[in-house]
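Below is one structure, written out as structure tokens; the observations come after it.
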Amino acid sequence: MTGQQFRRAYSGAPWEERVGYCRALRVGSQVFVTGTAAVDADGSIHAPGDAYAQTVRCLEIIRDSLSELDVGMDRVTRTRMFVTDISRWEEFGRAHREVFLGHPPATAMVEVKQLIHPDMLIEIEADAVA
């Protein structure tokens with residue numbers, strides 16, 4: 001990767017500056033999207049309690065970040081879903097399937113104790129190849 005330019009995308013989430021990370025990073029043909037939670041533009045948690053809606057919102061933020069780096073969702077090669085209640089896997093999975101139906105990536109869904117805010121039900125990471 002020597003000599004390759006790093007391009008970064010930011011969503012404006014308050015944690016990006018406070019923790020010191022970007023939403024997505026592209027170097028060459030590799031793209032990495034950091035853990036993305038369902039946050040609205042004003043910083044509030046999107047659709048508290050709604051697993052499907054939160055998953056859709058996470059994927060919208062990922063889509064927008066990839067787009068900023070000239071990459072489409074069809075180029076996503078892997079997603080990792082961190083959920084606070086694995087028994088709701090079908091709700092999370094339905095939203096994921098709707099986005100990736102024609103071009104499914106490798107994926108994982110893992111239950112975690114909690115996320116950075118108690119109203120967050122899911123956080124998604126993604127990798128892509130441009």
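Read-outs: derived from the displayed coordinates by stated rules, not from any lab. Not measured: the values here are computed from a predicted model. Cβ sites come from the backbone with ideal geometry, for glycine too, and all protein chains shown count toward neighbours.
Below is a table of values for the structure above.
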{"read-out": "Length-normalised contact order of the chain in % [C-alpha pairs under 8 Å, at least 6 apart]", "value": "32"}
{"read-out": "Unit charges on C-beta of K, R, D, E only; dipole of the chain, Debye", "value": "440"}
{"read-out": "Most mobile listed residue (Arg75, Arg94, Arg18) in the chain, GNM with C-alpha springs under 10 Å", "value": "Arg18"}
{"read-out": "Positive dipole terminus of the chain, leading residue within Leu115, Leu69, Ser87 (C-beta point charges)", "value": "Leu69"}
{"read-out": "Charge sum, other residues only, whose C-beta stays under 13 Å from Ile61's C-beta, Lys/Arg counted +1 and Asp/Glu -1", "value": "-4"}
{"read-out": "Surrounding net charge for Ala38, when Lys and Arg each add one and Asp and Glu each subtract one, Cβ distance under 12 Å", "value": "-4"}
{"read-out": "Principal axis dimensions, segment 63-130 - Cα atoms, whole angstrom, descending", "value": "34, 23, 15"}
{"read-out": "Options (i) 7.1; (ii) 11.3; (iii) 7.7 - which one matches mean projected area of the Cα convex hull in nm² as calculated here", "value": "(iii)"}
{"read-out": "Segment Ala108-Ala130, length gained on full extension (0.36 nm per residue, minus Cα span)", "value": "5.8 nm"}
{"read-out": "Ranked by how many other beta carbons lie within 10 Å on average, peptides 19-31, 95-107 from highest", "value": "19-31, 95-107"}
